[in-house]
Amino acid sequence: MVLFFNDIILIIIGLLILILGVLIGVAFLTLLERKVLGYIQIRKGPNKVGLMGILQPFSDAVKLFTKEQTFPVNSNYFSYYFSPVISFILSLMIWMLIPYYFNLISFNLGILFFLCCMSLGVYTVMVAGWSSNSNYALLGSLRSIAQTISYEVSLALIFLSGIILIMDFNLIKFGEYQNMVWFMFIMMPLCFCWLSSSMAETNRTPFDFAEGESELVSGFNVEYSSGGFALIFLAEYSSILFMSMLFSLIYLGGYDMTLIFYMKLVFISFIFIWVRGTLPRYRYDKLMYLSWKSYLPVSLNFLLFYMGLKIYLLL
């Protein structure tokens, strides 16, 4: 009994350290983004606070969380207040999936858990837009929901091809199957579809239709200030980091406890930022056509191909 209790305590401590690591990672990802965008636009980016602007994320956090919390008079206060909190908790919960070989929770059905958390994230956006009682916020959230749901389909189908290849829902298995060759080379077109779908899923440029400055100001989070806005912001960047981790886990050789794995993760996150600095916003109808008329048929065809390949290999 004592051993069991100690194990639980160690798991909780491990999860707290993981959450702390994710939050620090998110802080420095925002700094990296502002630096990279600065150099793309031939300027410096943050360079005043601390050495070369290294403390900028922390001063931003202090500023955001100490600002006065405002809320619209006509808003549905309870749901308005709690939707960013739930969004943030969901984005941190997904991080339990990292397939560590020790201490933390090991998921046999990790991929299903990921799909469930991803689907629940849509509701927080919907509630945040609706409860603000603002037309702009509602329109932004409706756009965001339509986009997220559309790309969830292609994302799940692309994931299915990988599941067919390893025949398991456990993310550790991806590492075992990629000892000889990375899945990126076996699933070349699909991995690029996954990358752009994950950009659409996390509402990033060139698919950031939740926040069209010319018509919707800032989308579903337009009425949020201070802590609420900071939590939405943290949830978005946490999911970007997680998607980068998942990409390097599925297509770039699986999880191994080396510096190279984290370098791959940072490189994929850098691609998210690089795309933001380079590409203009897509047209909304083209975004929908891309999902339903391009990615969906491609992922279905590849799924059938990998199913046939697997059956052939098993026979």
Take the conditions free of Cβ contacts under 8 Å to residues at least 60 places away in the same chain, over 30 Å from Glu68 (Cα atoms) and either within 16 Å of the chain's Cα centre (by Cα) or part of a loop (DSSP other than H, G, I, E, B) (or both) and apply them to Val181. Does it pass? yes
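Go through Phe261, Phe247 for me and flag whichever is free of Cβ contacts under 8 Å to residues at least 40 places away in the same chain and in a helix (DSSP H, G or I).
Working: Phe247 fails: free of Cβ contacts under 8 Å to residues at least 40 places away in the same chain.
Within the list Phe261, Phe247, the selection yields Phe261.
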The lone exception for Gly253 - which of (1) at pLDDT below 90; (2) surrounded by fewer than 22 Cβ atoms within 10 Å (Cβ to Cβ); (3) on the phi < 0 side of the Ramachandran plot; (4) of a type outside the set (Asp, Glu) it fails: (3)
Taking the criterion of being surrounded by fewer than 18 Cβ atoms within 10 Å (Cβ to Cβ), assigned to a helix (DSSP H, G or I) and among the hydroxyl-bearing types (Ser, Thr, Tyr), would at least one residue in the stretch 93-114 satisfy it? no
Selected residue (only one of Ser225, Ser239, Ser244, Ser248 is among the small types (Gly, Ala, Ser) and surrounded by fewer than 17 Cβ atoms within 10 Å (Cβ to Cβ)): Ser225
Those residues of the stretch 267-287 which are aliphatic (A, V, I, L, M) and either within 19 Å of Leu171 (Cα to Cα) or buried (at least 16 other Cβ atoms within 10 Å of the Cβ) (or both), in sequence order: Ile268, Ile273, Val275, Leu287
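Mind checking which residues of the stretch 145-160 are among the polar types (S, T, N, Q) and surrounded by 24 or more Cβ atoms within 10 Å (Cβ to Cβ)? I'd like the intermediate steps shown before the answer.
So the first thing to find is which residues in the stretch 145-160 are among the polar types (S, T, N, Q), and the list is 147-148, 150, 154.
The answer is Ser154, and nothing else.
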I'm told Tyr312 meets every condition in (1) more than 21 Å from Ser239 (Cα to Cα); (2) out of contact with any Ser or Thr (no Cβ under 7 Å at 6 or more places or on another chain); (3) at pLDDT below 90 except one. Can you identify the failing condition by its number? (3)
If you check Thr66 against the conditions, is it farther than 26 Å from Asp256 by Cβ and either buried (at least 21 other Cβ atoms within 10 Å of the Cβ) or in contact with a Gly (Cβ under 6 Å, 6 or more places away or on another chain) (or both)? no
Flag if Ser141 is among the small types (Gly, Ala, Ser), more than 30 Å from Phe5 (Cβ to Cβ) and touching a Cys at 6+ places or on another chain (Cβ under 8 Å): no
Residue satisfying condition, being polar (S, T, N, Q) and modelled with pLDDT under 85, within set Ser87, Ser75, Ser83, Ser59: Ser75
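Condition (residue is part of a helix (DSSP H, G or I), surrounded by 13 or more Cβ atoms within 10 Å (Cβ to Cβ) and either without any contact (Cβ under 8 Å) to a residue 40 or more places away in the chain or on the phi > 0 side of the Ramachandran plot (or both)) applied to the stretch 72-81: is it met by at least one residue? Break it down into steps so the answer makes sense when it comes.
Here is the first cut: in the stretch 72-81, the ones part of a helix (DSSP H, G or I) are 77-81.
Right, trim to surrounded by 13 or more Cβ atoms within 10 Å (Cβ to Cβ) and you get 79-81.
Add one more test, that the residue is either without any contact (Cβ under 8 Å) to a residue 40 or more places away in the chain or on the phi > 0 side of the Ramachandran plot (or both), and what stays is none.
No, the stretch 72-81 contains no residue that is part of a helix (DSSP H, G or I), surrounded by 13 or more Cβ atoms within 10 Å (Cβ to Cβ) and either without any contact (Cβ under 8 Å) to a residue 40 or more places away in the chain or on the phi > 0 side of the Ramachandran plot (or both).
So, Gly14, is that one on the phi < 0 side of the Ramachandran plot and at pLDDT 90 or above or not?
Working: on the phi < 0 side of the Ramachandran plot: yes; at pLDDT 90 or above: no.
The answer is no for Gly14.
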Of Phe233, Phe169, Phe207, which residue is closer than 23 Å to Tyr284 by Cα, at pLDDT below 90, part of a loop (DSSP other than H, G, I, E, B) and not polar (S, T, N, Q)? Phe207
Here are the criteria: (1) part of a helix (DSSP H, G or I); (2) at pLDDT 85 or above; (3) surrounded by fewer than 18 Cβ atoms within 10 Å (Cβ to Cβ); (4) in contact with a helix residue (DSSP H, G or I) (Cβ under 6 Å, 6 or more places away or on another chain). Tell me which single one Val127 does not satisfy. (3)
Are any of the residues in the stretch 43-62 assigned to a helix (DSSP H, G or I), among the aromatic types (Phe, Trp, Tyr), free of Cβ contacts under 8 Å to residues at least 40 places away in the same chain and closer than 16 Å to Leu234 by Cβ? yes
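The values are calculated or read from the model by the stated rules, or taken from the named source; none is laboratory data. Everything quoted here is computed from the prediction, not taken from an experiment. Ideal geometry is used to build each Cβ from the backbone, glycine not excepted, and the neighbour counts take in all protein chains shown.
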